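Only one structure is covered here, and it is reproduced in the block below.
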Amino acid sequence: MASSGRPSGFVSLLLLLAGILLFWMTVPNLGTAARAATANGPRGTFIAAHLVCVGHSGHTSCEWSGTFHSDDGTVELTGVKLYGSGRDTFEAGQTAPAVDVGNVGRVYAPAGSRSWIITVVLVVAAYVLLVVVARRHLMPPAIPGDKDFFARRRFMLSSK
C-alpha cells in the first residue's frame, strides 16, 4: 500500500502527549536540579536516624533518613533523606554536613549532585518530540518532482 505522504495522526498524538508529559514532569524541577548541582541553599547538619531500603528488579537501593538543621537555625526538616548516602555511610546518630536545596524530602552533600543531568536530558527529549510533531504538521508536504521544495522549506524555517 502506498503512503499518502501525510503524517499519521495517531503517531503524532502519541509524540505530542509524550512531549507534553516529559515537559510537565521535568520543567518544574529545573530550579531544584540547578540548586542541587551547585549545592545552593541553607547549609547545616544532617543527623542520620535510620536506613531506608527499596528493592526492585533484583536490586536494592538504600538511603539514610533523618533530620536536617540549618546552621543559622531557620530550617529544621524531619524525615529527609541524604541524597547519595548508602548502606555503609552512617550509623544511627551520626552527623554529616548537608545543604537544603528546596527538594522536598531530600538534602544534599555540600559538594553538590549530578542528579541534574537526567532532568536536562528529559527536557531536551521533550523539546525534540514537540519539534518533530510541529514539523510533521506545520511544514507543507513535499510535492513529487519539486526540486525547489527544500530551498523553500529552509527559507520558511529561517524566516520564522
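For the reader, a short list of remarks on this structure follows.
- One residue alone among Y83, Y127 is under 30 Å from L13 (Cβ atoms), open to solvent by 80 Å² or more (accessible area, probe 1.4 Å) and of a type outside the set (V, I, T), and that residue is Y127.
- Scanning region 2-20 for residues that are open to solvent by 60 Å² or more (accessible area, probe 1.4 Å) and at pLDDT below 65 gives A2, S3, S4, R6.
- Scanning region 105-120 for residues that are open to solvent by 50 Å² or more (accessible area, probe 1.4 Å) and within 16 Å of G44 (Cβ to Cβ) returns R106, P110, A111.
- Which numbered condition V99 misses (of (1) surrounded by fewer than 17 Cβ atoms within 10 Å (Cβ to Cβ); (2) in contact with a Gly (Cβ under 8 Å, 6 or more places away or on another chain); (3) in contact (Cβ under 8 Å) with a residue 60 or more places away in the chain): (1)
- Residues that are among the hydrophobic types (A, V, I, L, M, F, W, C) and either open to solvent by 70 Å² or more (accessible area, probe 1.4 Å) or in contact with a Pro (Cβ under 7 Å, 6 or more places away or on another chain) (or both), drawn from region 86-96: A92
- Count of residues meeting criterion [under 22 Å from the mean Cα position of the chain (by Cα) and either open to solvent by 50 Å² or more (accessible area, probe 1.4 Å) or under 20 Å from A96 (Cα atoms) (or both)] in region 23-54: 16
- Selection of first residues in region 106-128 that are closer than 23 Å to S85 by Cα and of second residues that are open to solvent by 80 Å² or more (accessible area, probe 1.4 Å), restricted to Cβ pairs under 6 Å at least 6 apart or on distinct chains, gives the following pairs, ordered by first then second residue: R106/Y83; Y108/Y83; P110/P97; G112/T38; S113/Y83.
- Within region 6-42, being without any contact (Cβ under 8 Å) to a residue 40 or more places away in the chain and either closer than 20 Å to V104 by Cα or basic (K, R) (or both) holds for W24, P28.
The values are calculated or read from the model by the stated rules, or taken from the named source; none is laboratory data. Small disclaimer: the values here were computed from a predicted structure and weren't measured. For neighbour counting, all protein chains shown are included, and Cβ atoms are generated from backbone atoms with ideal geometry for every residue, glycine included. SASA here: full protein model, heavy atoms, side chains in, ligands and nucleic acids out. Shrake-Rupley method; radii C 1.70, N 1.55, O 1.52, S 1.80 Å.
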